[in-house]
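Read the figures in this text as sums done on the coordinates, not as results from a lab. As the structure is a prediction and not an experimental result, all values here were calculated from the model. A quick note on method: Cβ atoms are made from the backbone with ideal geometry, for glycine too, and the neighbour counts reach across all protein chains shown.
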Amino acid sequence: MLVEFDSDQRLWAKTVREVLTRECSPQWIRDVVDHGADADALWKTLREHGWTELIDPGDAVELAIALEALGESADPTPFLATTTQFAPLAGAIPESGAAGAAAYDGVHAHLDGDGWIVSGTSRMVLDGDRAEEIAAVTAAGVFVLPAAQAIVTPVPTFDPLLHVADVTFPAVRVSDSCRRSAVDVDRARAIALMGMSATMVGACQRILDLALDHVRNRQQFGVAIGTFQAVKHKAADMHVAIERARALFYYSALTIATGGKDMMLAASMTKASAGECQSLVFRNGYQLFGAMGYTWENDLQFALKRAKAGELMLGGSDEHRAIIAEEYRAAQL
């Protein structure tokens, strides 16, 4: 199995970093939050550079490379929801190039003559409030519907760059052409979990980078606090947790790209690992910054909030550990 990037993937990773350094700097993110700078400018750039074309399962590793970097940059665009949640269910991003979102639960559909009635509420839908189309998973298949047919209620979150909404379909009548009956929902869920995990790990890497920069420069008792053994231990623990979670989400991407039979198990493993990673990195990152980590002026907050928000979506680490345990128990019977 591939254990390192090939030359094309290394070039892609370098290109991704260069684009985000130029187009998604910490100062620009601060402007988006504090002064309402237009996040659509970055979304347009990502589309023009072809990043939204990475929706084929065979491109899962390349998509993971982009998502990790975007998580590190606190990406304010709908890229994550559109490429890893909507597109795997719909088969493509919206033709207009606008955002898409996915409703994985709470929505139902039943036949009514020559059409379908879609109803129900899906809560905490990522980018549900700025999506043009929503892919709703039901027992009868996946329905791709215009967001205008839904009642969308934005939900306030602690991450000022994150868009989350409750989406309600009030007994909407749709034609059978809206239904995607052949969608591999399990694979779509695996892509969504891998994408969320990659974003979380990217945010955790940003926390570690900021913490290392701080402890190298912060002086106490005449020396940098990074020379203290306790500080070194915390930083080392953060690094190990990030590397473990990173290895797992790239493994998950590989199983998706190759159609591996353990695709869903790998997806749960990576989401559980990313959740455990953010818990440790969040705690240690705050502690290494001291009281400064709590201030609005410190950019640490954006990475902390993005990592924590990811844990709360698509199932937390406890839930996915339970799934892993059930899989292994079933395999032993």
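Annotations
- Counting only alpha carbon atoms, the long axis of helix 7-23 and the longest principal axis of the chain meet at about 80°.
- Segment ALA224-ALA171, extension gain: residue separation times 0.36 nm, minus the distance between their alpha carbons: 12.8 nm
- Exposed-loop-free span, longest in the chain, where GluC sites (Glu not before Pro) count as exposed if DSSP calls them loop and at most 15 other C-beta atoms lie within 10 Å: 96-296
- Using alpha-carbon coordinates, inclination of helix 185-217 to the longest axis of the chain, degrees: 20 degrees
- Axis of helix 26-35 versus longest Cα principal axis of the chain: the two differ by about 60°, to the nearest ten degrees.
- Candidate lysines - alpha carbon under 23 Å from LYS234, same-chain residues fewer than 8 apart omitted: LYS271, LYS305, LYS308
- For the pair ARG30 and ASP112, a Förster radius of 41 Å applied to the C-beta separation gives a FRET efficiency near 0.25, rounded to the nearest 0.05.
- P(r) for region 7-85, from all Cα pairs and a bin width of 5 Å, is 3, 15, 28, 27, 16, 7, 3, 1 %, short bins first.
- Contour excess over end-to-end distance, with Cα ends at GLU95 and ILE151 and 0.36 nm allotted per residue: 18.0 nm
- At R0 = 41 Å, FRET efficiency that the Cβ-Cβ distance of GLU297 and ASP184 yields, to 0.05: 0.35
- Stretch gain in nm, segment GLU327-GLN287, where the contour uses 0.36 nm per residue and the Cα spacing is subtracted: 10.7 nm
- For region 165-244, trypsin sites (Lys or Arg not before Pro) meeting the loop criterion (DSSP other than H, G, I, E, B) and having at most 13 other Cβ atoms within 10 Å: none.
- Positive contributions from Lys and Arg (+1) and negative ones from Asp and Glu (-1), summed over other residues with Cβ under 13 Å from the Cβ of PHE158, come out at +1.
- Within region 282-318, chymotrypsin sites (Phe, Trp or Tyr not before Pro) in DSSP loop having at most 13 other beta-carbon neighbours inside 10 Å: TRP296
- One Cα centroid belongs to region 85-102, the other to region 120-176; the line between them spans 12 Å.
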